[in-house]
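Visitor: The following block contains the structure, expressed as structure tokens.
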Amino acid sequence: MSTTTTPSPGASREDLARLAEHWGERPSLRAWFATVDHKRIGRRYLVTAGFFFVLAGLNALVMRTQLARPEAGVVSPQEYNQLFSMHGIAMIFLFATPMLFGFGNFLVPLMIGSRDMAFPRLNAFGYWVFLFAGLFMWASLPFGAAPNNGWFAYVPLSGEQNNPGLHMDVYALGLLFLGISTTAAAINFIVTALKLRAPGMSLNRVPLFVWAIVATAFMVIFALPALNLDNAMLFLDRRFGTHFFDPAAGGNVLLWQHLFWIFGHPDVYIIVMPALGIVSAVLPAFTRRGVVGYPLIVLSIVAIAIISFGVWVHHMFATGLPQLSYSFFSAASTVITIPSGLQIFAWLATMLLGRLVIRVPLLFVIGFVVTFVLGGFTGVMFALTAFDQQVTDSYFVVAHFHYVLIGGAVFPMLAGIYYWLPKITGRMYHERLGRWAFWLVFAGMHVTFFPMHLYGLFGMPRRVYTYRSEPGWAGWNLVSTVGSYLLAVGLLLVLVGVVHAVRRGRPAPADPWDGDSLEWSTASPPEPHNFPVLPRVHSLHPMWDERTAESVGPGATSDRILSEGRHTLFTSELDAHPERAVQMPEPTLKPLVLAAALLLFFTSMLFAWYPVAAVAALTVAATIAVWLWPPRPLEQDLKVVP
Amino acid sequence: MTGHGGVVAAATGAEALSTELPVGRSTGWWGMVMFVATEATLFACLLGSYFYLRFQYGPQWPPNGIGDPELLKPLVMTAVLLPSSLPVVWAEHGIRQGQRWRLRCGLAATMVLGATFLALQATEYAEKLKHFTMTTDVYGSLFYLITGFHGLHVLVGLTMIGWLLATSLRGGSFGAHRHERVRNAAIYWHFVDLVWIAILFTIYLSPRL
Ligand code: HEM
């Protein structure tokens, strides 16, 4: 598939052959399942998350069809409950974060000049767990057993008495299962960015996208446990008769909400932050200059990551009894204003000071700015408590958070897809098709969600399966529905564009955009070992800088070629001084086996086959033990990097 | 490629040799620290939930005549668990100097202490279960969830230690240049130990305050 390989003059032919031998994978079924290559795993994340997006989008289309006119009967109320719940859950947990982690997986090692992630097998494991957890949850929908309690699953409605059946067990177990994947990926990103950066890439030269991913990963580490605990207690309450959320026996329903929002506050940033990182990565290539105010943006990323936790604490202390009916997206948007406003101004300044190259990725970035800022406006409106009381749980809220999430996450992702498609597939996309897609998506988005502000203000509540014609909501609802079809056509065109590129696209050069970060120095698509010579980084924009280019040219020292094995380089955490070369793991099936054992565990917990669950748990332990068994002392030795 | 001299090459592998250099933390170390960070957050949420439910409940805690928890046994358990970190430290220092016997003895001692802790916890449960269970009321739910979850961590830690012991019986698994796994398991074990102090305070001491 590799069409335009730029043979690096720094590595000899023998070096290249050796690298190909150590890193290459012969295509076979086993190799497909056993791969630990971050690029293949990243691609799988993107495709799988895209698939879940399509499913969740289809849910939304069914909902919009049902709501197109008053008292329609496309779906029953019970089905509608499952549709909006699965839509929200899948969009938040199975699409947004995994999609962005897919970009991270593919790009972080390439951007920092490494040959893989810090823990390649853990990476593969994380992907399989994500896939299985997603299928686990989606499989419940055809059986009518999908979660039906909204995406935040408040007790007591989600308790056993009020909600019998498997619905909420699927929710609790599915999210616990998925949490393993998210945590593993987060740890992997942090360690990769700390230890595997190319020599010379000190912290002040780390690309903004990598900063954003790492900050996100830190938020995951400290936010996700709250959600996991919440779900564990929910499951125990439902299945084993504990009383955490049962006021009759001393429990407290508010505990659910506290824990949920300890996670939920940061989660908005967990979704939006890496997307903002994509924006910062895309802009330089289309403005022909670096993003204005790099240190300020880094600062605001770090600030957001920290404040996102403080917000919750402050929220609780200030109000005593927390008003948790208050939409959490609103609070998030209010507080995000300062640091993220700063980022918006930095991007606007970049665009003003730079020379704009209007291509599809830039269009999506502009669409992002417009939509996200509008979402921000409505967010600030919620800060007026009186107004908030008025519109809470109305369609105004639905409009607001779709502006934030589609504007703040989906548009940047689409920009990223067009921008990196040449790198990921080795093919160029069709520009005109891309423009059509952009305008349809942009128009469809606003036609769908802008009217929701209106009928929200007119009083239409969210999460209702139908409405009567008297209040006069019907016309605007029809507009929304038409808009959602338009949006769907636009997204379909994106898909067509990707398939077209893969099938028919013009072969992409290594660096079609004259981009600034290191991924553009690799072939399109990159070789399995990414870099024939690990670069020595001399500036924030290594591709625009002669000295970095020279470092991979003739005269590159063998301590950065490392062709004697499957090796990459560790560098120091802050300054990226070379420390030592390390052996990277070979492809293996163990991650898949481990993930499958976990799937068996969660499935048998769901159906209360406890003996099977016990066997599965033992299998998990055994697989981990074998996985970590120390290798036999090897005969050969590793060259020591000074 | 040729080895750098027989001795080193025979005793250590590629990965191992690299750990010999006194430069920087390894990825494994960072990975374990991050894992412990997220686990610590989980325990913090758990203990936070305990206090939240307790203070929302009212003045009488534990409720329904369950009575303040007995202190003797938990204190004995503390006396068993806390020192169990010392043999791990001793073992780790030993293996850094290539003394495999220290590694084996230290790990074995920790195994004994950890297993004793779990046995004591089992007897404690046997007594308590006569009075109240997980389903009695929220206090029971909290008590068994928190102590049980910690017990599970002790079990996982013991499995790690046992696994290290088993692998260390094979010559060459660990040595002066290859002891990363020992250090990582040690970090986890110290963590499990420290969490116990927080649990001791929360579950056993705080109701008496
Ligand atoms: C692709 C076009 C989309 C359409 C047409 C759409 C449509 C809708 C509709 C109509 C509802 C309200 C259901 C109700 O309250 O009765 C809804 C809820 C929701 N949507 Fe979307 N949506 C779309 C994309 C997204 C995206 C990209 C995300 C997040 C990344 C998202 C997240 C949510 C969430 C969290 C809810 C709330 C679910 C709940 O009430 O529990 N949606 N969506």
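Visitor: Give me the three principal axis extents of the stretch A:414-523 from the C-alpha atoms, as integers in angstrom, largest value leading.
Guide: Principal extents (Cα only, largest first): 61, 27, 21 Å.
Visitor: Sticking with this one: Show that you can apply the helix-only estimate: for chain A, add -39,500 (n - 2.57) for every DSSP H stretch of four or more residues, divide by all residues, and state [θ] at 222 nm to the nearest 500. Let's see the in-between values first.
Guide: On the way: 20 runs with 399 residues, N = 642.
For chain A, the value works out to -21500 deg cm²/dmol.
Visitor: Shifting gears a bit: Whole-Hz Karplus ³J(HN,Hα) for the stretch A:268-282, in order, using 6.51 cos²θ - 1.76 cosθ + 1.60 and θ = phi - 60°, x for Gly and Pro?
Guide: 4, 6, 4, 7, 7, 4, x, 5, 4, x, 4, 4, 5, 7, 7
Visitor: On a 0 to 90° scale, report how tilted helix A:395-405 is relative to the longest principal axis of chain A, with both axes built from alpha carbons and the result rounded to the nearest 10.
Guide: 0 degrees
Visitor: If you don't mind, another one. Of B:PRO87, B:GLY48, B:VAL76, which is farthest towards the positive pole of the stretch B:27-208's charge dipole, taken about the Cα centre with +1 and -1 on the beta-carbons of Lys, Arg and Asp, Glu respectively?
Guide: The one lying farthest along the dipole's positive direction is B:PRO87.
Visitor: Calculate the FRET efficiency for A:PHE450 and A:ARG503 from the Cβ-Cβ distance with a Förster distance of 25 Å, rounded to the nearest 0.05.
Guide: Values: r = 36 Å, r/R0 = 1.44.
Step by step, r from the Cβ atoms, then E = 0.10.
Visitor: If one computes the Cα centroid of the stretch A:501-515 and of the stretch A:165-243, what distance in Å separates the two points?
Guide: 34 Å
Visitor: Can you tell me which aspartates and glutamates have their Cα less than 14 Å from the Cα of A:LYS423? Leave out same-chain residues fewer than eight positions away.
Guide: A:ASP511, A:ASP514, A:ASP516, A:GLU519, A:GLU527
Visitor: Another one. What residues have an amide H closer than 5 Å to that of A:GLU579, excluding those fewer than 5 places away on the same chain, when H is modeled at 1.01 Å from N in the peptide plane?
Guide: A:PHE570, A:THR571, A:SER572
Visitor: I'd like the distance between the alpha-carbon centres of the stretch A:62-119 and the stretch B:123-181, rounded to an integer number of Å.
Guide: About 37 Å separates the Cα centre of the stretch A:62-119 from the one of the stretch B:123-181.
Visitor: If you don't mind, another one. What does the charge add up to near A:GLY102, with Lys and Arg as +1, Asp and Glu as -1, over the other residues with Cβ less than 15 Å from its Cβ?
Guide: Numbers: positive: A:LYS39, A:ARG40, A:ARG43, A:ARG44, A:LYS423; negative: A:ASP37, A:GLU519.
Within the 15 Å Cβ shell, the charges total +3.
Visitor: Now a separate question. Show the residues, 5+ positions off or on another chain, whose built amide H is closer than 5 Å to the amide H of A:ARG462.
Guide: Sorted by chain and number, the residues that satisfy this are A:SER394, A:TYR395.
Visitor: Here's something else I'd like to know. Angle check, please: helix A:13-23 long axis (alpha carbons) against the longest principal axis of chain A (alpha carbons), in degrees 0 to 90, nearest 10.
Guide: Helix A:13-23 sits roughly 30 degrees off the main axis of chain A.
Visitor: What's the extension gain from B:PHE51 to B:ARG170 if we count 0.36 nm per residue and subtract their Cα-Cα distance? Could you put the intermediate results ahead of the total?
Guide: Numbers: separation 119, 0.36 × 119 = 42.84 nm, distance 4.72 nm.
Separation in residues times 0.36 nm, less the Cα-Cα distance, equals 38.1 nm.
Visitor: Note down the magnitude of the dipole of chain B about its Cα centre, charges +1 on Lys and Arg C-beta and -1 on Asp and Glu C-beta and zero elsewhere, to the nearest 20 debye.
Guide: Values: 14 positive and 11 negative charges, 91 e Å.
With Lys and Arg at +1 and Asp and Glu at -1, about 440 debye.
Visitor: Kindly sort B:ARG100, A:ARG40, B:ARG54, A:ARG503 by accessible area of their heavy atoms, largest first, with the probe set to 1.4 Å.
Guide: A:ARG503, B:ARG100, A:ARG40, B:ARG54
Visitor: Divide by every residue of chain B the summed helix terms, -39500 (n - 2.57) for each DSSP H run of at least 4, and state the resulting mean residue ellipticity at 222 nm, rounded to the nearest 500 deg cm²/dmol.
Guide: Working: 8 runs with 149 residues, N = 209.
Estimated from H runs of four or more residues: -24500 deg cm²/dmol.
Visitor: Please compute the Cα-Cα pair-distance distribution of the stretch A:199-292 with 10 Å bins starting at 0, giving whole percents from short to long.
Guide: That works out to 15, 30, 22, 16, 11, 6, 1, in percent per bin.
Visitor: Show me, for the stretch A:424-430, the HN-Hα J-couplings you get by feeding each phi into the Karplus relation (A = 6.51, B = -1.76, C = 1.60, θ = phi - 60°), rounded to Hz, glycine and proline as x.
Guide: Here the 3J(HN,Hα) series is 6, 9, x, 10, 8, 8, 8 Hz.
Visitor: Quick one: with all protein chains in place, what share of the accessible area of the stretch A:1-125 is carbon or sulfur, to the nearest percent (1.4 Å probe)?
Guide: Details: 2970 of 4760 Å².
That fraction is 62 percent.
Visitor: Just to verify a number: FRET efficiency for A:HIS577 and A:PHE458, C-beta to C-beta distance, R0 = 51 Å, to 0.05? Spell out each step's value before the answer.
Guide: Values: r = 63 Å, r/R0 = 1.23.
Here the calculated transfer efficiency is 0.25.
Visitor: Let me ask something else about it. Run down the aspartates and glutamates and flag those whose C-alpha is under 17 Å from the C-alpha of B:LYS130, throwing out any fewer than 8 positions away in its chain.
Guide: B:ASP68, B:GLU70
Visitor: Starting from the Kirkwood radius over alpha-carbon pairs of the protein assembly as shown, derive D by Stokes-Einstein at 25 °C in a medium of 0.890 mPa s and give it in µm² s⁻¹.
Guide: Numbers: Rh = 28.5 Å.
After rounding, the answer is 86 µm²/s.
Visitor: By its C-alpha gyration tensor, with a ≥ b ≥ c as the square roots of the eigenvalues, how is the stretch A:127-189 shaped: rounded for a/c under 1.5, else prolate for a/b larger than b/c, else oblate?
Guide: Oblate, since a/c reaches 1.5 and b/c is not below a/b.
Visitor: Another question about this same structure. Skip the ligands, DNA and RNA, and give the accessible area per residue of the protein assembly as shown with a 1.4 Å probe, whole Å². If you can, show how the numbers build up before the last one.
Guide: On the way: 31800 Å² over 851 residues.
Ligands and nucleic acids excluded, the figure is 37 Å² per residue.
Visitor: Quick one: if you stick a label point 7 Å off each Cα along the C-beta vector at A:ALA248 and B:VAL89, how many nm between them?
Guide: For the pair A:ALA248/B:VAL89, the computed spacing is 5.1 nm.
Visitor: Residues of the stretch A:188-229 with accessible area at least 10 Å² lower in the all-protein-chain context than alone (1.4 Å probe)?
Guide: A:ILE190, A:VAL191, A:LEU194, A:LYS195, A:PHE218, A:ILE221, A:PHE222, A:PRO225, A:ALA226, A:LEU229
Visitor: Another question, then. On the protein heavy atoms, probe 1.4 angstrom, tell me the percent of accessible surface of the stretch A:429-489 carried by carbon and sulfur.
Guide: Details: 2140 of 2910 Å².
Heavy-atom surface of the stretch A:429-489 belonging to carbon and sulfur, 1.4 Å probe: 73 percent.
Visitor: Additional query: Provide the buried accessible surface between chains B and A in square angstrom, both chains summed, 1.4 Å probe, rounded to the nearest 100.
Guide: On the way: alone 11010 and 25330 Å², together 31800 Å².
Chains B and A together bury roughly 4500 Å² of accessible area.
Visitor: What angle do you read, to the nearest 10 degrees and between 0 and 90, between the alpha-carbon axis of helix A:431-457 and the longest principal axis of chain A?
Guide: That helix lies at roughly 30 degrees to the long axis.
Visitor: Starting from the 7 Å offset along Cα-to-Cβ, what nm value, one decimal, do you get for the label separation of B:ALA119 and B:GLN60?
Guide: A separation of 3.9 nm, rounded to one decimal place.
Visitor: Ok, one more. Counting only C-alpha contacts under 8 Å and six or more residues apart, can you give the relative contact order of the stretch A:346-459 as a whole percent? Please list the in-between numbers first.
Guide: Working: 89 pairs, mean separation 45.2, N = 114.
Across the stretch A:346-459, relative contact order equals 40 percent.
Visitor: While we're looking at this one, here's another question. For A:LYS195, which lysines qualify as cross-link partners when the Cα separation must be under 20 Å and same-chain residues fewer than eight apart are set aside?
Guide: A:LYS39, A:LYS639
Visitor: Expressed as a whole percentage, what fraction of the accessible surface of chain B belongs to carbon and sulfur atoms when a 1.4 Å probe is rolled over the protein heavy atoms? Present the calculation step by step, with values, prior to reporting the outcome.
Guide: Numbers: 6020 of 8710 Å².
Taking all protein chains in place, chain B shows 69 percent carbon and sulfur surface.
Visitor: Label-point separation (nm) for B:LEU155 and B:LYS130, each offset 7 Å from Cα along Cα-to-Cβ?
Guide: Using points 7 Å along Cα→Cβ, the separation is 2.4 nm.
Visitor: Taking 37 °C and 0.692 mPa s as the conditions, I'd like the Stokes-Einstein D for the stretch A:81-210 in µm²/s, using the Kirkwood hydrodynamic radius from alpha carbon pairs. Walk me through the numbers before you get to the answer.
Guide: On the way: Rh = 16.2 Å.
Stokes-Einstein gives a translational diffusion coefficient of 203 µm²/s.
Visitor: What span do the alpha-carbon atoms of chain B cover on each of the three principal axes, reported in whole Å from largest to smallest?
Guide: 73, 28, 25
Visitor: Give me, ordered by chain and number, the residues 5 or more places off A:THR242 or on other chains with an amide H under 5 Å from its own placed amide H.
Guide: A:ASP237
Visitor: Through the Karplus equation 6.51 cos²θ - 1.76 cosθ + 1.60, θ set to phi - 60°, convert the phi angles of the stretch A:351-368 into ³J(HN,Hα) values in whole Hz; use x for Gly and Pro.
Guide: Per residue, the Karplus-derived 3J(HN,Hα) values read 5, 5, 7, x, 9, 6, 10, 7, 10, 3, x, 5, 4, 5, 5, 5, x, 4 Hz.
Visitor: Summing +1 for each Lys or Arg and -1 for each Asp or Glu, what net charge is found among the other residues whose Cβ lies under 10 Å from the Cβ of B:SER168?
Guide: Details: positive: B:ARG100, B:ARG104, B:ARG170, B:ARG181; negative: none.
Net charge in that neighbourhood comes out at +4.
The values are calculated or read from the model by the stated rules, or taken from the named source; none is laboratory data. Just so it is clear, the structure is predicted and the values come from calculations on it, not from any experiment. Cβ sites come from the backbone with ideal geometry, for glycine too, and all protein chains shown count toward neighbours. The protein model used for the area step is the full one, side chains on, heavy atoms only, and it has no ligands, DNA or RNA in it. Shrake-Rupley method; radii C 1.70, N 1.55, O 1.52, S 1.80 Å.
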